[in-house]
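The values are calculated or read from the model by the stated rules, or taken from the named source; none is laboratory data. Only a predicted model underlies this, so the values are computations on that prediction, with no experimental measurement involved. Don't worry about glycine lacking a Cβ; one is built from the backbone with ideal geometry, like all the others, and counts go over all protein chains shown.
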Amino acid sequence: MKILMKTISILLCVAMTVVVMPVEFTARQNAIYKVQRQVEKILSENALARTAAAEEVNEFYTAEVEFVTTAVEEAPVSEEPAEVPVEEAAEEPAEAPAALSDMPEVYFEGESAETEFAYTTIDASSISITGYYGTETDLVIPESINGLTVKTIGNNAFRSTAITSVVIPATVTAIGNAAFQYCESLAEVTFSAENGAALTTIGSYAFEECYALKAMVFPEGLTTINNHAFKNCTAMAEITFPSTLTTIGQYAIEACTSLTEVSLPDSVTSMGTGVFMFCTSLAKVNYPKGLTSAGSDIFYD
């Protein structure tokens, strides 16, 4: 706020100088553009850019006050204001804040349902969903947007949104960390697999505290469920694992208190610590024959 007040003072000072010192008009006008560019940096989210810009504004402020004070003292008194030749200042493009220039490419489009998704490019033909800004609660994620294949759902992409159901396309190979974390109204997740699903990995905390989620049927091809992925999904009473699953991370299904029965495929070779910890209703478990690595307290309650 102090910097913005100083900036306003600078602009007023420059305006005064234009009246009393016509010969300096172009220089002062260029100075205005300089200050405006620094203000844009100050308003950015990049701490380094803000600090550097603030220092430049302070330096300019001190010099400008000194200049205007001298100009007012030395200016001749005239009953009529002098005519000032107005020269068009060369426009220079504003410098993008470092925080923006470092951002990945994000697209928003027209009026279709596809415009509700933000995404970044992975390569020339595929993208990762990074956010959702729509109002639909029954959500169908498209297989492609603007001709680009939806390949992953990024970290935190739908975190804390109000969605109640979601259909994940068969093109998705990975669901990122905390992608649906704290979606407390999410009751149904469907993996589209009409032509075979590409999904191999579910990230850490991906569905943590989705309290309304009742069941999960994973597609064939899934190999890894990472740490805390379904922690505190207290309404989830049924889980169907695929025959391709090999790894379940630590605390992956912790505190799913409605879960009563689990059948683990023989393909599972590794289970982390506390996978089913505090699943207080779990009464029956079919253990995998291929298990070679198991953490402690897997079924601790």
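Considering SER185, SER165, SER204, SER192, the condition of being among the polar types (S, T, N, Q), touching a His at 6+ places or on another chain (Cβ under 6 Å) and either buried (at least 16 other Cβ atoms within 10 Å of the Cβ) or closer than 18 Å to LEU139 by Cα (or both) is satisfied by SER204 alone. Restricting attention to region 261-270, the residues that are surrounded by 13 or more Cβ atoms within 10 Å (Cβ to Cβ) and either touching a strand residue (DSSP E or B) at 6+ places or on another chain (Cβ under 7 Å) or not assigned by TED's automatic domain parsing to the domain that holds THR244 (or both) total 6.
Being modelled with pLDDT under 95, at negative phi and over 28 Å from the mean Cα position of the chain (by Cα) holds for only one residue in GLU220, GLU238, GLU261, GLU194, and it is GLU194. Does ILE248 meet the test of being touching a strand residue (DSSP E or B) at 6+ places or on another chain (Cβ under 7 Å) and either closer than 17 Å to GLY290 by Cβ or free of Cβ contacts under 8 Å to residues at least 24 places away in the same chain (or both)? Answer is yes for this residue.
So that you can scan it fast, the table gives a plain yes or no per residue for (1) assigned by TED's automatic domain parsing to the domain that holds THR152; (2) surrounded by fewer than 15 Cβ atoms within 10 Å (Cβ to Cβ); (3) closer than 25 Å to ILE163 by Cβ:
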site: GLU208; (1), (2), (3): yes, no, yes
site: GLY221; (1), (2), (3): yes, no, yes
site: HIS228; (1), (2), (3): yes, no, yes
site: ALA237; (1), (2), (3): yes, no, yes
site: SER243; (1), (2), (3): yes, yes, no
site: ALA252; (1), (2), (3): yes, no, yes
site: GLY272; (1), (2), (3): yes, no, no
site: PHE276; (1), (2), (3): yes, no, no
site: TYR287; (1), (2), (3): yes, yes, no
